[in-house]
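Worksheet: the structure to be examined is printed underneath.
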Amino acid sequence: MKKLVFILLSIFVISSFAQREVAKREDLQKFFKTKTLVVLEPNPMSSYNFYIKDAIKREWNITPYDFIEASEYEKMRKDPQYSFITLDDVYFAKDKSKAKYTFICLSLGGNYHSTSDMPQLATFPLSYRGVEEQYYAYKLGPIIHFIQNHVKLTNDIPTLKPVNIINYYNREAPSMKDKTLYLMPSDLSKDINTEAKFKKIYPYNFKFVTQEELEEIIKNQTKDAVFFHKVGPMETMPKGRVYKIFMGAEDGKIYYFGYHMISKKKPDRLLDRDIRILTKEKKN
């Protein structure tokens with residue numbers, strides 16, 4: 001069962017993985033001693049359930065794990081021997097658009113009054129609430145890989161906090177020079193949605209693909225492949241923010257993380273500005 005997260009932190013903090021009760025150093029230490037329970041969606045036909053099971057079995061090695069039904073979560077979340085991977089509905093208290101998003105979250109169990117009090121170790125935006133699972137579920141493999149590495153990273157570097165973590169990832173991102181970037185034209189703004197237009201501003205290898213082709217690339221953990229993950233309303237509403245993330249298909253590494261608010265000049269698409277920032281950073 002999804003839970004609505006009432007977030008009272010600043011928009012800047014929220015944009016950095018939308019943490020509610022931010023995990024402390026001792027919370028991270030506790031996590032490594034837990035068993036991680038992955039909460040499945042109530043719908044037995046959910047594509048999320050299929051892909052999350054496959055992703056956890058292939059990628060998760062940081063703690064023991066198991067899968068539980070949504071109906072079991074409320075009781076089990078109070079047990080400190082467990083941590084949890086859940087789908088959470090998120091909105092930003094200071095966001096006038098009132099848009100709601102779906103994040104995948106890793107939280108620490110314990111005798112907390114509500115789910116909002118549970119320390120969050122990592123969160124990652126998947127979609128706008130109401131967008132069909134088929135548009136993001138197949139990306140769960142590298143996303144789970146990223147979440148696992150993110151926990152290790154924040155444990156190894158205690159100075160990383162929600163206010164600086166995105167800057168860290170963008171600053172430390174690997175070069176795209178020897179990678180192949182895979183994109184779907186439907187994710188791109190009109191000024192870069194053909195190969196000819198895109199080639200004018202992107203100097204490295206790239207290929208336009210269908211969703212089916214991209215799913216195979218991710219499923220096969222194709223070496224040196226980077227894909228674009230967009231979180232936008234997809235016609236569900238005319239406003240809100242668009243998250244833009246480039247990830248490694250093989251290892252879940254972040255190559256770029258950004259977002260913009262939708263406007264007439266900034267549609268629900270990847271913008272040429274993002275590509276210019278991406279290539280400028282990788283050339284330096």
Just one listed residue, out of I62, I68, is more than 18 Å from the chain's Cα centre (by Cα), within 30 Å of V163 (Cα to Cα), aliphatic (A, V, I, L, M) and at pLDDT 95 or above, and it is I62
Residue hits (segment 39-90; of a type in the set (K, R) and touching a helix residue (DSSP H, G or I) at 6+ places or on another chain (Cβ under 8 Å)) are R58, R77
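Each row is one residue, and each column tells you yes or no for (1) open to solvent by less than 70 Å² (accessible area, probe 1.4 Å); (2) of a type outside the set (V, I, T); (3) in contact with a Pro (Cβ under 9 Å, 6 or more places away or on another chain); (4) modelled with pLDDT under 95.
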| residue | (1), (2), (3), (4) |
| --- | --- |
| K200 | no, yes, no, no |
| L214 | yes, yes, no, no |
| R269 | no, yes, no, no |
| T279 | yes, no, yes, yes |
| K282 | yes, yes, yes, yes |
Does F6 satisfy being open to solvent by 80 Å² or more (accessible area, probe 1.4 Å), in a helix (DSSP H, G or I) and either at pLDDT below 95 or touching an Asp or Glu at 6+ places or on another chain (Cβ under 7 Å) (or both)?
no
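Regarding F103, is this residue crowded, with 18+ Cβ neighbours inside 10 Å, in a helix (DSSP H, G or I) and touching a residue at least 40 places away in the same chain (Cβ under 8 Å)? So that I can check it myself, show each step before the final result.
Details: crowded, with 18+ Cβ neighbours inside 10 Å: yes; in a helix (DSSP H, G or I): no; touching a residue at least 40 places away in the same chain (Cβ under 8 Å): yes.
No; evaluated as a whole, the condition is false for this residue.
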Of all residues being within 30 Å of I157 (Cβ to Cβ) and basic (K, R) in segment 25-72, which is surrounded by the most Cβ atoms within 10 Å (Cβ to Cβ)? Just the residue, please.
K30
Return the residues of segment 89-100 that are out of contact with any Lys or Arg (no Cβ under 6 Å at 6 or more places or on another chain) and open to solvent by less than 50 Å² (accessible area, probe 1.4 Å); say none if nothing qualifies.
V90, F92, A93, D95, A99
Please enumerate the residues belonging to segment 170-196 that are open to solvent by less than 70 Å² (accessible area, probe 1.4 Å), over 16 Å from K207 (Cα atoms) and assigned to a helix (DSSP H, G or I).
N170
I'd like to know if segment 124-145 contains one or more residues that are open to solvent by less than 10 Å² (accessible area, probe 1.4 Å) and among the charged types (D, E, K, R).
yes
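Does S83 qualify as being over 23 Å from V231 (Cα atoms), open to solvent by less than 10 Å² (accessible area, probe 1.4 Å), under 22 Å from the mean Cα position of the chain (by Cα) and not aromatic (F, W, Y)?
yes
The values are calculated or read from the model by the stated rules, or taken from the named source; none is laboratory data. Predicted model, so just to flag it, every value in this text is computed and none were measured. Methodologically, a virtual Cβ is constructed for each residue, glycine included, from the backbone with ideal geometry; neighbour enumeration extends over all protein chains shown. To get the accessible areas, we keep the full protein, side chains included, count just its heavy atoms, and leave off ligands, DNA and RNA. Shrake-Rupley method; radii C 1.70, N 1.55, O 1.52, S 1.80 Å.
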